[in-house]
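Please read the structure below before turning to the comments.
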Amino acid sequence: MPDYDVLIVGGGPVGAALALALRDGGLAVGLLEARGPGVAQADPRPIALSHGSRLILERFGIWEALQPVTPIVRIHVSQRGGFGRVELDATEARLPALGYVLDYTRLAETLAQALDRAGACDYLTGAAVTGLASEPGAASVRFNRGGDVRRATARLVAVADGGAMAAVTEVRIRDYRQAAVIARVASGLPHRNVAFERFTPDGPLAVLPSAEALALVWTTAPEHAQRLCALPEAEFLQRLQHAFGQRLGAFTSAGARACFPLALRVATDIAAPRVVAVGNAAQMLHPVAGQGLNLGLRDAWELGGVTKECGRDEIGGPAMLAAYRARRRLDRGGGVWFTDALVRLFSNDIAPLRIARGLGLALLGAAPPAKDFVVRRMTFGARG
Ligand SMILES: Cc1cc2nc3c(=O)[nH]c(=O)nc-3n(C[C@H](O)[C@H](O)[C@H](O)COP(=O)(O)OP(=O)(O)OC[C@H]3O[C@@H](n4cnc5c(N)ncnc54)[C@H](O)[C@@H]3O)c2cc1C
């Protein structure tokens, strides 16, 4: 008999969400997280959660614990140096909000606390997985904990390590030659809960409402990103003003800056015998349009569902893995295609493309059904 029905590798937001999705299934679930107990994630990235993700987190009973989050009521999309813009509006889309901004760290900690409270899984922190092997009837995992090397087996191992370990299957990689500069900034005008996505030839620049201030995700060439991080605050604000424009008045301050390298990294198959990949371990997307974690939460929710629906003996077997693949195909393919197409279409200064993009934005702005389609896909994925 394997030690667990499902063993999750990685207790980031997606691994923790999967454990919560499985908690009422009467299954033996384990979770191995490399970070030590109480070690804060200290990850400064802001996260925009979709309304669809809110519904998942409500089902886990943790939405209240995540408050306060900053709702996005409108998204303003434009391109620098080109005509055409579009505004997506929550009221038009019949949604309470188009998204909710919060810190990655708070989301990860709240999910981890919920796991601890639910006591529904064997949650081992300080457990760094170093090896994974498929055997008939089970998969086995080798991990280090407190200097000891241990082994655990499960009918199904769900890899949710953010793509840190060796991949489950072959991986397709596209290096965008872009990095994201993250910072909290303040400006002269209130944000009024509007998010801005501004496409520039170097990469998209997002300014999100975050409490009274703004969360900046500025993608640009990696060398430029490093230089931006090292600039004195006043000079950084000047460059930001030039790249973003005046829609929020003058930028007045910027907090600590951090830099994230960006690439598209897609597993060619999300399942192998007795093993499945979820979240960034399955697909690491460009942060444009804030899709990665939202897609990962849907991975976790659907894998939880498929696992609970099949008999215990079927867990990790070919039929269950085929069902999971089939459920995720459209949503996953759509998320990868959408973000990849946006980055490649907009990150250049080719005049005919700039004009075509402007026309595309103008047409989208003038066609409510098309806007509705885009908002519903961004909110709920392929099932929107
Ligand atoms: C700048 C930026 C902004 C972003 N903004 C958004 C946004 O607005 N909206 C959105 O939806 N997405 C956004 N994303 C994407 C989002 O951050 C990721 O999709 C999300 O963090 C993936 O979660 P995960 O749990 O799969 O992986 P991770 O968050 O990487 O967590 C992986 C976990 O696994 C653990 N781990 C790693 N290796 C091992 C091991 N060997 N053994 C045990 N444990 C291990 C790690 O300690 C970690 O806790 C953004 C990304 C970036 C870079």
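Some observations on this one:
- Residue in the range 245-255 that is touching a strand residue (DSSP E or B) at 6+ places or on another chain (Cβ under 8 Å), more than 12 Å from the ligand (Cβ to nearest atom) and within 28 Å of A16 (Cβ to Cβ) present: yes
- Beta carbons closer than 7 Å, at least 6 apart along the sequence or on distinct chains, pair a first residue in the range 273-292 that is β-branched (V, I, T) with a second that is open to solvent by 20 Å² or more (accessible area, probe 1.4 Å) for V275/L132; V275/S134; V275/V168; V288/L342.
- Hey, T268 open to solvent by less than 20 Å² (accessible area, probe 1.4 Å), over 23 Å from L98 (Cβ atoms), of a type outside the set (A, V, I, L, M, F, W, C) and in contact with a strand residue (DSSP E or B) (Cβ under 8 Å, 6 or more places away or on another chain) or not: no
- Residues of the range 319-357 classified as more than 26 Å from the chain's Cα centre (by Cα), loosely packed, with under 14 Cβ neighbours inside 10 Å and in contact (Cβ under 8 Å) with a residue 12 or more places away in the chain, total: 2
Matching residues to (1) over 20 Å from I173 (Cα atoms); (2) surrounded by fewer than 23 Cβ atoms within 10 Å (Cβ to Cβ); (3) among the small types (G, A, S):
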residue	(1), (2), (3)
L248	yes, yes, no
T252	yes, yes, no
A256	yes, yes, yes
L264	no, yes, no
L285	no, no, no
L293	no, no, no
A300	yes, no, yes
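- Residue check, R265 of a type in the set (K, R), farther than 19 Å from A48 by Cβ and in a helix (DSSP H, G or I): no
- Leading residue by the ranking (modelled with the lowest pLDDT) among those in the range 15-25 that are in contact with a strand residue (DSSP E or B) (Cβ under 9 Å, 6 or more places away or on another chain) and open to solvent by 10 Å² or more (accessible area, probe 1.4 Å): G25
- Cβ-Cβ contacts under 7 Å between residues 6 or more apart (or on different chains), taken from a first residue in the range 34-55 that is farther than 21 Å from Q67 by Cα to a second residue that is at pLDDT 85 or above and near the ligand (Cβ under 8 Å from one of its atoms), are listed as A34/A127; A34/A128.
- Options I182, I173; residue that is in a strand (DSSP E or B), under 30 Å from P222 (Cβ atoms) and open to solvent by 20 Å² or more (accessible area, probe 1.4 Å): I173
- With respect to the conditions (1) open to solvent by 50 Å² or more (accessible area, probe 1.4 Å); (2) more than 30 Å from V306 (Cβ to Cβ); (3) touching a residue at least 12 places away in the same chain (Cβ under 8 Å), L361 lacks only one, and its number is (1).
Here's the yes/no breakdown for (1) more than 16 Å from the ligand (Cβ to nearest atom); (2) at pLDDT 95 or above:
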residue	(1), (2)
A289	no, no
G292	no, yes
L295	no, yes
A356	yes, no
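- Any hit, the range 154-169, residues being open to solvent by 30 Å² or more (accessible area, probe 1.4 Å) and farther than 21 Å from A282 by Cα: no
- Scan of the range 68-88 for residues that are at pLDDT 90 or above, in a loop (DSSP other than H, G, I, E, B) and open to solvent by less than 70 Å² (accessible area, probe 1.4 Å), ordered by number: V69, V73
- Output for the range 89-115, where each listed residue is open to solvent by 10 Å² or more (accessible area, probe 1.4 Å) and under 30 Å from L353 (Cβ atoms): D89, E92, L98
- For A341: the one exception among (1) part of a helix (DSSP H, G or I); (2) away from the ligand (no atom under 11 Å from the Cβ); (3) under 16 Å from A160 (Cα atoms): (3)
- Note on the range 44-67: residues that are farther than 22 Å from R377 by Cα and part of a helix (DSSP H, G or I) total 3.
- Qualifying residue in the range 154-167 (condition: assigned to a strand (DSSP E or B) and either farther than 18 Å from I8 by Cβ or without any contact (Cβ under 8 Å) to a residue 24 or more places away in the chain (or both)): no
- Candidate set: the range 208-228, residues that are part of a strand (DSSP E or B) and of a type in the set (A, V, I, L, M, F, W, C); chosen: the one surrounded by the most Cβ atoms within 10 Å (Cβ to Cβ): W218
- Evaluating F143 against the criteria (1) buried (at least 16 other Cβ atoms within 10 Å of the Cβ); (2) at pLDDT 95 or above; (3) under 30 Å from Q291 (Cβ atoms) leaves one unmet condition, (3).
Conditions (1) farther than 30 Å from Q79 by Cα; (2) in contact with a strand residue (DSSP E or B) (Cβ under 9 Å, 6 or more places away or on another chain); (3) modelled with pLDDT of 95 or more, marked per residue:
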residue: A108; (1), (2), (3): yes, no, no
residue: A160; (1), (2), (3): yes, yes, yes
residue: E170; (1), (2), (3): yes, yes, no
residue: R184; (1), (2), (3): no, yes, yes
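The values are calculated or read from the model by the stated rules, or taken from the named source; none is laboratory data. Remember, predicted model here, so these are calculated numbers, not experimental data. Every residue, glycine as well, gets a Cβ built from its backbone with ideal geometry; the counts of neighbours run over all protein chains shown. For the accessible areas, the whole protein counts, side chains as well, though only heavy atoms, and no ligand, DNA or RNA atoms are used. Shrake-Rupley method; radii C 1.70, N 1.55, O 1.52, S 1.80 Å.
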